[in-house]
Amino acid sequence: MSIRITIVGDTHAFSFEDIPHQIIESCQNSDWIIHVGDYISEDILNGFFKLKKEYFKGVYGNADPLCIRNMVLAKEVIEISNIKMGIIHPYYGGPDSSLLRKIIKEFKEDKVRVIFFGHTHDPKILVRKQLLLINPGKGYIESHSINSQASIAILEIGSHLNASIKKINF
C-alpha cells in the first residue's frame, strides 16, 4: 500500500477559500499534507490543519505573522513510513546552488532522506547524493503575472519514492 503526500507552499492568501480548488482536492485525496511556509494568514494554516489533523505538518515562512510563528516551527523533521523527512522555508534565498547547499546543511545532523522546501516559488524536484529535494512552487494563482501558474508536489511512498510536480490551472 502506498502513501500519498501533497506538498504545498507559499500560498500567500488571507482566506482558505482563496486556495485553488485543485490544491484542496489533491490535499483531500492524500494521506498527508506538508506545507513549506508562507501561509500569510492563520485561516490558511487552520484550513489545512482541519483537512488532515495529525496528518498535517508545516513550517512558517519569512512572510508569516507572529500568530503563525507561534503555531508551527521554522524547521521540522518527521518520519513517514520509516523515511525521515525535513521541512523548511529557507528565508535566506540566494542563487540555487548556494540555497540548496544551505538547505542540505540545515538537515545534515538529522540524516533525512527527503527535504521539502519553499520560498523561491520555483517548483522543482532534485536528487543530490541520494537526498530528494522537493519544492512545490507557489500555491496561489496570479492573473496579472508572467508566472501566473500555481503548482504543488506529490510524493508517493511505496516500494520506492515517486515525486512529481502538478501544475494548477485557473
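The values are calculated or read from the model by the stated rules, or taken from the named source; none is laboratory data. Note that the coordinates shown come from a computational prediction; the quantities given were computed from them, not determined experimentally. Cβ atoms come from the backbone with ideal geometry, glycine included; neighbour counts cover every protein chain shown.
For this structure, a couple of remarks:
- Residues in segment 1-26 that are crowded, with 23+ Cβ neighbours inside 10 Å and part of a helix (DSSP H, G or I): 1 in all.
- Total residues in segment 20-79 satisfying the condition of being more than 29 Å from K111 (Cα to Cα) and of a type in the set (V, I, T): the figure is 4.
- Within segment 103-128, the residues that satisfy the criterion of being of a type outside the set (S, T, N, Q) and either assigned to a loop (DSSP other than H, G, I, E, B) or more than 25 Å from I154 (Cβ to Cβ) (or both) are K105, F107, K108, E109, K111, V112, R113, G118, H119, H121, D122, P123.
- Every test in (1) under 17 Å from D38 (Cβ atoms); (2) touching a helix residue (DSSP H, G or I) at 6+ places or on another chain (Cβ under 8 Å); (3) surrounded by 14 or more Cβ atoms within 10 Å (Cβ to Cβ) is passed by I103 save one, and that test is (2).
- When D43, D38 are checked against the criterion of being on the phi > 0 side of the Ramachandran plot and at pLDDT 95 or above, a single residue qualifies: D38.
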